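One structure is given below, encoded as structure tokens.
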Amino acid sequence: MSLPAKPGLTRVLAERIAGIEFSKIPAEAVETVKRGIIDCVGVLFAGREEAVTSIVLASIPPGDDATVLF
């Protein structure tokens, strides 16, 4: 007799996130996330002209798995 399979971490996190109601998220948390996203986008734009960016792009073989926007 085998035990039922335990849900994986991805499923558990997805179910928890799907159950969140925006209205119940504290305003401070929303502002922190907004600031983090804006910071991340800023860092992406600032780094696009760095030498390491062209080195990484040159080392990635072409394919359909992902798209690089720069």
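Only the coordinates and a few stated rules stand behind these numbers; no lab work does. Every value quoted in this text rests on a predicted model; they were computed, and no experiment measured them. Cβ atoms come from the backbone with ideal geometry, glycine included; neighbour counts cover every protein chain shown.
Extension gain, ALA51 to LYS6: 0.36 nm times the residue separation minus the Cα-Cα distance gives 11.6 nm.
Full extension of the chain segment joining LEU13 with LEU44 gains 8.5 nm, where the gain is 0.36 nm per residue of separation less the Cα-Cα distance. Where (i) 11.7, 37; (ii) 19.5, 59; (iii) 10.7, 30 are the candidate values, the label of the one calculated here for Rg and Dmax of the Cα atoms in Å is (ii). Taking the helices alone, the chain has a mean residue ellipticity at 222 nm of -18000 deg cm²/dmol, built from -39,500 (n - 2.57) per DSSP H run of at least 4 residues and averaged over all its residues. Dipole magnitude for the chain: computed about the Cα centre from +1 point charges on Lys and Arg Cβ and -1 point charges on Asp and Glu Cβ, it is near 320 debye.
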